[in-house]
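Each remark here refers to the structure printed beneath this line.
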Amino acid sequence: MISIRKIGVIGRTYRNLNRYRQILAVMLKYGFDDILELLRIDQYIEIGLQMLSTKRGERVKRLSRARRVRLAIEELGPTYIKMGQILSTRPDLVPVDFIKELSFLQDKVPSFSFADVRQIIKKETGQSIEELFDPFDPEPLASASIGQVHHACLKNGEEVAVKIQRPGIHKIVEVDLEIMLHLATLAERHIEEIAFHRPVKIVEEFARSIEKEMDYTLEATSMERVARSFLQDQTVYIPKVYREITTERVLTTEFVDGVKVSMLEDLDQNGYDRKLITMRGADILLTQIFQHGFFHADPHPGNLFVLTDNVICLLDFGMMGTVDRATREAFVDLVDAVVRRDEARTTRVLLKLTLWEEEPDLRLLSKDVADFMGEHLYKPLKDIVVGKLLQNLLDMAAQHRMRIPPELFLMMKAISTVEGVGLALDPDFDLIAHAEPFIRQVKLSRFSPKRLSSDAVSIIGQYMDFVQEFPKDLLEITRNIRQKKFTFMLELKNMENMLSTHDQISNRISFSIIIASLIIGSALIVISKTPPLFYGISAIGIVGFIAAAVMGIWLLVAIIKKGKL
């Protein structure tokens with residue numbers, strides 16, 4: 001289990017001080033000194049920001065803020081890279097322009113030693129590499145932020161791919177998460193613009209996501225679940241999981257030797273049918289989304305292999321998406337409304353699908369929807385690029401402070417990715433036309449006898465629950481009112497900033513009164529020539545004037561640093 005604790009006092013940070021300094025140095029390197037100053041780091045840990053270099057090249061200064069965030073994350077290492085990759089799928093947590101940049105994040109992590117591989121496999125399985133495999137390739141096939149993959153053979157000759165988790169990654173992640181949580185807490189407290197994006201929630205969500213991804217047994221379960229869904233489909237292949245050699249830190253699966261869908265020349269040389277591959281790949285994803293509700297959320301070319309007879313093989317099930325029936329149907333309604341150019345219905349469905357704290361201005365939203373349709377839809381359907389359409393829809397929602405739920409965004413991203421792969425294989429591929437039977441099936445399923453009877457039973461059950469519970473609730477409310485126990489909870493939003501400002505004003509006023517008192521008191525002492533005297537002037541009065549001057553300069557500097565006189 002990953003454990004993160006808020007760092008609220010100086011003492012707790014000593015064990016993480018070196019890592020804290022590394023993180024702050026990288027933030028300064030990429031031009032985030034303004035944020036560090038607003039976070040008031042020096043109040044919480046004993047580290048002078050002036051000790052860290054704030055020099056950065058002109059090239060870095062000219063980069064966009066989102067680009068600098070991405071470069072800083074890549075330099076900070078595995079935890080931050082994985083956080084960026086996960087957040088690139090969460091438009092409900094981070095701004096759209098950052099989503100685009102984070103999607104380019106690459107794992108630039110060196111592989112770990114074969115000695116570590118030996119030790120981890122022995123500890124996890126209770127058996128040595130020689131007892132389990134013959135041979136085991138000491139050179140990894142791939143290395144990423146969480147683990148690396150090796151090619152091996154079992155004793156019976158079956159070829160396998162063995163994924164081993166990076167040694168010490170749990171401790172690294174825990175330390176980084178503690179520091180992230182501390183910085184996020186400070187950001188939510190001191191920076192209003194960042195507070196809107198709820199940084200503490202982002203860190204907490206990331207902690208939950210990375211904990212799941214670091215448990216390889218969950219990935220194994222996802223593989224087996226998808227494999228069961230396609231048991232009767234001979235056009236898709238899911239590698240076998242070897243449960244007896246799979247643990248939380250070691251995943252052993254069947255080794256598949258195919259051709260990546262991105263290797264177009266190899267596909268052509270081996271006689272594969274690119275149009276058929278495109279259609280099958282799209283069918284696999286659309287079936288997962290609209291029929292199973294559980295889908296591979298990262299179908300990029302590196303995770304898609306083509307086997308004999310144009311069979312599609314899916315790899316790497318670390319990121320999966322789940323979409324419930326209501327969301328699937330609402331998404332279908334959105335697509336249907338957009339294709340039919342129904343602006344009012346598109347606006348209504350968009351509001352239903354998104355999350356928002358304050359209802360957007362419907363007049364402005366409807367206008368933007370109309371502009372969106374005018375830009376994309378007044379041309380032949382085969383010329384519409386779904387990925388670009390969905391991205392612009394996401395941008396429009398963000399402008400109105402509407403957040404796309406993560407499961408819906410994962411679905412949109414997966415569809416866009418498969419469309420991109422399909423167009424590379426077959427430039428004439430029309431995803432909208434290909435998806436039409438799936439969309440029609442979702443619409444028709446609402447009116448099937450089984451669905452109608454199920455909905456009727458559900459509604460009747462809910463009504464009966466209401467009829468039974470409402471009188472009890474009404475009696476409870478009446479009893480509380482009679483006993484004067486009825487209370488109202490009033491929540492005032494954004495009060496923290498106002499209270500902080502109020503405290504600051506009160507402190508400055510108190511400070512000013514003290515300074516004025518010192519000046520007046522010192523003047524009276526000087527006039528009365530209270531001993532001891534220094535050149536005929538009261539020394540106590542001189543000390544009072546000096547103290548008042550120092551405090552006055554201190555107050556003035558604080559006001560100027562705040563940017564308001």
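The values are calculated or read from the model by the stated rules, or taken from the named source; none is laboratory data. All of these numbers come straight from a predicted model, not from anything done at the bench. Note: ideal-geometry Cβ built from the backbone for every residue, glycine included; neighbour counts use all protein chains shown.
Residue-wise test of (1) surrounded by 21 or more Cβ atoms within 10 Å (Cβ to Cβ); (2) at pLDDT below 85; (3) farther than 24 Å from residue 318 by Cα; (4) not assigned by TED's automatic domain parsing to the domain that holds residue 16.
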{"position": "158", "(1), (2), (3), (4)": "no, no, no, yes"}
{"position": "183", "(1), (2), (3), (4)": "yes, yes, yes, no"}
{"position": "189", "(1), (2), (3), (4)": "no, yes, yes, no"}
{"position": "195", "(1), (2), (3), (4)": "no, yes, yes, no"}
{"position": "223", "(1), (2), (3), (4)": "yes, no, no, yes"}
{"position": "227", "(1), (2), (3), (4)": "no, no, no, yes"}
{"position": "231", "(1), (2), (3), (4)": "no, no, no, yes"}
{"position": "234", "(1), (2), (3), (4)": "no, no, no, yes"}
*Taking residue 275 as meeting all but one of (1) part of a helix (DSSP H, G or I); (2) in contact with an Asp or Glu (Cβ under 8 Å, 6 or more places away or on another chain); (3) surrounded by 16 or more Cβ atoms within 10 Å (Cβ to Cβ), write down the number of the exception.*
(3)
_Which residue is modelled with the highest pLDDT, if the candidates are limited to region 10-52 and must be among the basic types (Lys, Arg) and in a helix (DSSP H, G or I)?_
29
*asked:* Being of a type outside the set (Asp, Glu) and at pLDDT 85 or above is true for just one of 372, 295. Which residue is that?
replied: 295
_The listed residue being closer than 16 Å to residue 213 by Cα and either buried (at least 19 other Cβ atoms within 10 Å of the Cβ) or basic (Lys, Arg) (or both), out of 168, 147_ = 147
*If only one of 73, 86, 99 is modelled with pLDDT of 85 or more, touching a helix residue (DSSP H, G or I) at 6+ places or on another chain (Cβ under 9 Å) and in the same structural domain as residue 199 (by TED's automatic domain parsing), which one is it?*
73
*Single residue of region 419-457 satisfying the filter (charged (D, E, K, R) and crowded, with 16+ Cβ neighbours inside 10 Å) that is nearest to residue 267 (Cα to Cα)*: 426
*Qualifying residues in region 251-266 (those that are of a type outside the set (Val, Ile, Thr) and in contact with a Ser or Thr (Cβ under 9 Å, 6 or more places away or on another chain)) - the one farthest from residue 422 (Cα to Cα)*: 251
*asked:* Going through 281, 318, 302 one at a time, which residue ends up being in contact (Cβ under 8 Å) with a residue 12 or more places away in the chain, under 14 Å from residue 410 (Cα atoms) and in the same structural domain as residue 353 (by TED's automatic domain parsing)?
replied: 318
*Is one or more of the residues making up region 253-261 within 16 Å of residue 229 (Cα to Cα) and either part of a loop (DSSP other than H, G, I, E, B) or among the hydroxyl-bearing types (Ser, Thr, Tyr) (or both)?*
no
*Sort out which residues of region 256-272 are over 31 Å from the mean Cα position of the chain (by Cα) and either surrounded by fewer than 16 Cβ atoms within 10 Å (Cβ to Cβ) or at pLDDT 95 or above (or both), and write them in order of number.*
257, 264, 265, 266, 268, 269, 270, 271
*asked:* Kindly evaluate residue 340 against the criterion of being closer than 25 Å to residue 320 by Cβ and not assigned by TED's automatic domain parsing to the domain that holds residue 97.
replied: no
*Within region 355-474, helices (runs of 4 or more DSSP H) holding 3 or more residues that are more than 30 Å from residue 320 (Cβ to Cβ)*: 362-376
*Among 217, 221, 185, which is of a type in the set (Val, Ile, Thr) and under 25 Å from residue 401 (Cα atoms)?*
185
*Look at residue 249 and say whether it is over 30 Å from residue 122 (Cβ atoms) and either touching a residue at least 12 places away in the same chain (Cβ under 8 Å) or surrounded by 18 or more Cβ atoms within 10 Å (Cβ to Cβ) (or both).*
no
_Considering only region 486-500, I want to know if a residue exists there that is among the hydroxyl-bearing types (Ser, Thr, Tyr), at pLDDT below 70, closer than 30 Å to residue 189 by Cα and surrounded by 10 or more Cβ atoms within 10 Å (Cβ to Cβ)._
yes
*Taking the residues in region 511-547 that are under 30 Å from residue 189 (Cβ atoms) and modelled with pLDDT of 80 or more as candidates, determine which candidate is nearest to the chain's Cα centre (by Cα).*
512
*residue 239: modelled with pLDDT under 90, within 31 Å of the chain's Cα centre (by Cα) and either part of a helix (DSSP H, G or I) or buried (at least 18 other Cβ atoms within 10 Å of the Cβ) (or both), yes or no?*
no
*Which of (1) crowded, with 16+ Cβ neighbours inside 10 Å; (2) over 19 Å from residue 291 (Cβ atoms); (3) at pLDDT 85 or above is the odd one out, the single condition residue 414 does not satisfy?*
(2)
